[in-house]
Amino acid sequence: SQQGEEDPQALSIQEGENATMNCSYKTSINNLQWYRQNSGRGLVHLILIRSNEREKHSGRLRVTLDTSKKSSSLLITASRAADTASYFCATDLWQGGKLIFGQGTELSVKP
Amino acid sequence: DAGVTQSPTHLIKTRGQQVTLRCSPKSGHDTVSWYQQALGQGPQFIFQYYEEEERQRGNFPDRFSGHQFPNYSSELNVNALLLGDSALYLCASSPGHSYYGYTFGSGTRLTVV
């Protein structure tokens, strides 16, 4: 069963705009990860945030984690057409264990 | 530095047949996990191998089995294929230490007809 639920399911924006995706989960976690998938191929790891962290940055990506609300958000700033992809959050209940994925957010960035 | 390598890329099988998918982890990684991703869905965990043993298993029937070799490469075997087994099968690897997430391969697209 899916632990995570992502919102929105689809998002369409113009190049240069910011994109925000949200993820909610049900049980306590060790860490939460975000992945990108282009055209149904392999997943690319974007960022990992541990349960004792509240915010993390990587380039144009900003991830927040609220363990009290069991939710996370991924912000992509100044989006580019190349950011068009599906984005998945995945929870890891114990470090290095199985990942439980949400259903993903399909992001479309129009030039 | 090669990442995770999966073979074959695409595969078409007939219902009832058996299939073997292969995965070579990223250099320096000793843990291999397998995921099944149906169209339009998030990946679902099948199992994880470490030190040639199945360490964790998801909610998949015994028709799904695996193996890890001494060089850390891995195989996923599926017996008695069903139409519902059609999916993208993803392999992911990670090091046993310094865990920063998984490296995924490009997947094997299995179609059962």
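The values are calculated or read from the model by the stated rules, or taken from the named source; none is laboratory data. Computed from a predicted structure; not experimentally measured. Cβ: placed from backbone, ideal geometry, glycine included. Neighbour counts: every protein chain shown.
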Condition met for A:Ser79 (touching a residue at least 40 places away in the same chain (Cβ under 8 Å) and away from chain B (no Cβ under 14 Å)): yes
By residue number, the members of segment A:90-111 that are more than 14 Å from chain B (Cβ to nearest Cβ) and in a loop (DSSP other than H, G, I, E, B) are A:Pro111
Among the strands (runs of 3 or more DSSP E) lying completely within segment B:10-113, list those that include at least 2 residues that are within 11 Å of chain A (Cβ to nearest Cβ) and buried (at least 17 other Cβ atoms within 10 Å of the Cβ). B:31-37, B:44-50, B:87-94, B:108-112
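Residues are listed down the side, and each one gets a yes or a no for (1) without any contact (Cβ under 8 Å) to a residue 40 or more places away in the chain; (2) among the aliphatic types (A, V, I, L, M); (3) more than 13 Å from chain B (Cβ to nearest Cβ):
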| position | (1), (2), (3) |
| --- | --- |
| A:Asn18 | no, no, yes |
| A:Ser24 | no, no, yes |
| A:Ser28 | no, no, yes |
| A:Leu32 | no, yes, no |
| A:Asn38 | no, no, no |
| A:Ser51 | yes, no, yes |
| A:Arg54 | yes, no, yes |
| A:His57 | yes, no, yes |
| A:Lys70 | no, no, yes |
Against the definition (over 18 Å from A:Thr91 (Cα atoms), in contact with a His (Cβ under 8 Å, 6 or more places away or on another chain), in contact (Cβ under 8 Å) with a residue 24 or more places away in the chain and hydroxyl-bearing (Ser, Thr, Tyr)), how does B:Ser86 come out, yes or no? no
In the set B:Leu39, B:Leu81, the lone residue that is at pLDDT below 95 and hydrophobic (A, V, I, L, M, F, W, C) is B:Leu39
